[in-house]
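Remarks on the structure that follows.
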Amino acid sequence: MKITRNRQNFVVPMNAMSDVAFLLLIFIMLVALINYRREVKIDYPEAHDAKKTSAEKNMEIWVDSAGLTYLDGLPASLEAIEEAVTDAYRNAPGTRVHLIADRNTAFRRVNEVLSVLQLLEYRVVSFVVKDE
Amino acid sequence: MKLTRRKRREYGDSAALSDLAFLLIIYFIVIAGFNINKGFLMNLPAKDSTRLVLKDDLLRFELDSAGALFHQGSAVDMDTAETEIRNLAASHPNLAVVLGVNPETPWQKVVSFIALAQRLEVESFSFTMTDGFTMTDGPAGGGR
C-alpha cells in the first residue's frame, strides 16, 4: 500500500519584500529631499548636442523672460548674486555656475549677469539648455 | 465552552503594496535624474582683456534685435553660417568667429549660435554685445 502525504501549498512570504521596498523608498525620498532644487518657471532655450555640465557643487543663476534674476530658485538682486558667488568661490573654488535664462530673455539681461561674473573673474560658466 | 481557533494570516496580502513601493522608487529615481543640467561650458575672459587676431582669420556675424543673423551686411541662415565657418576653418586654422549681439536679441538665438560654434569646434569663438562686453571660448580655457 502506498502512503501519500498531504503536501501543504508553498507560499512565498511577501511581507518582508514590502518592508525592504518601503525602506528603499524612504531612503530615496530622503536623497531626493537633499537634492531638492527650486525651479523658476522659464522656457528653456533648446539646442542640439548639449553636454552634461553639472559639477559636484553647483550654483544656479536664473533669468526669467522679464529679466528678473534668481539665485538657486529664489529672487535675488545682482548685488546678492555677486556676494553669493564670491562666498561660493571662497568656500569651494570648484563650484560651477549655471546660467539658466528663458529663451525669450533679452540678451542685455543675460549680459548683466555675465558682467558680474566677469568682474569677479569667474572663469567657466555653464549655459543651460534643454537638449532637443 | 466554545473553543475558537486562530486563523493563520495569509502572506499574499501585501504583494500589491510592495509593487506600489517599487513603482514609487522608480518614480523618485527618474525624478532625481531631472536635476542634471545640460548645456555648454564657456570661458569668461578677464575684464578688458584683448586678443590679437589677424584680419584674415576673423569671421564676424551679427544678430539683430529680432534674432536674424547677418554676415557682411546680408541676412544668412544657420546653414549658410555653418558652411561659411566650415569653408574658412579649412583654410584658416586660427579662425576666430565673433558674434555681435544686439541687446534685445532673444537668448535662444544666441544659444543656437553658441551650439553651432561648439559643434564645429571653432578654435576661438567669442560673442559680444554691441556695447562692448566680450565672452570668449578659446583654447586657453577649460571650456568645451
Of (1) surrounded by 19 or more Cβ atoms within 10 Å (Cβ to Cβ); (2) assigned to a helix (DSSP H, G or I); (3) facing another protein chain (nearest Cβ under 7 Å), A:ARG109 fails just (3)
A careful count of residues in the range A:113-132 that are closer than 19 Å to B:VAL111 by Cβ and assigned to a loop (DSSP other than H, G, I, E, B) gives 2
Note on A:ILE100: of the conditions (1) at the interface with another protein chain (Cβ under 8 Å from one of its Cβ atoms); (2) in a loop (DSSP other than H, G, I, E, B); (3) out of contact with any helix residue (DSSP H, G or I) (no Cβ under 6 Å at 6 or more places or on another chain), unmet is (2)
Exercise for the section: Kindly indicate whether any position in the range A:73-87 is small (Gly, Ala, Ser), closer than 26 Å to B:GLN118 by Cβ, outside any strand (DSSP E or B) and within 21 Å of the chain's Cα centre (by Cα). Expected result: no
Residue count, the range B:47-85, condition of a type in the set (Lys, Arg), within 14 Å of chain A (Cβ to nearest Cβ) and over 25 Å from the mean Cα position of the chain (by Cα), comes to 0
Among strands (runs of 3 or more DSSP E) entirely inside the range B:64-104, those with 2 or more residues being exposed (fewer than 13 other Cβ atoms within 10 Å of the Cβ) are B:74-76
Reported set for the range A:7-54 where residues are among the aliphatic types (A, V, I, L, M) and either in contact (Cβ under 8 Å) with a residue 12 or more places away in the chain or part of a loop (DSSP other than H, G, I, E, B) (or both) is A:VAL11, A:VAL12, A:MET14, A:VAL40, A:ILE42, A:ALA47, A:ALA50
* Asked: Going by the structure shown, is A:ALA88 buried (at least 18 other Cβ atoms within 10 Å of the Cβ), more than 30 Å from B:SER18 (Cα to Cα) and more than 11 Å from chain B (Cβ to nearest Cβ)?
  -> yes
Any chance B:LEU44 is within 14 Å of another protein chain (Cβ to nearest Cβ), hydrophobic (A, V, I, L, M, F, W, C) and touching a Lys or Arg at 6+ places or on another chain (Cβ under 6 Å)
yes
| Within the range B:17-27, is even one residue assigned to a loop (DSSP other than H, G, I, E, B) and under 30 Å from A:ILE26 (Cα atoms)? | no
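Every number here is computed from the coordinates shown, using simple stated rules; none is lab data. Just so you know, these numbers come straight off a predicted model, no measurement behind them. Positions of Cβ are generated from backbone atoms using ideal geometry, with glycine treated the same way; all protein chains shown enter the neighbour counts.
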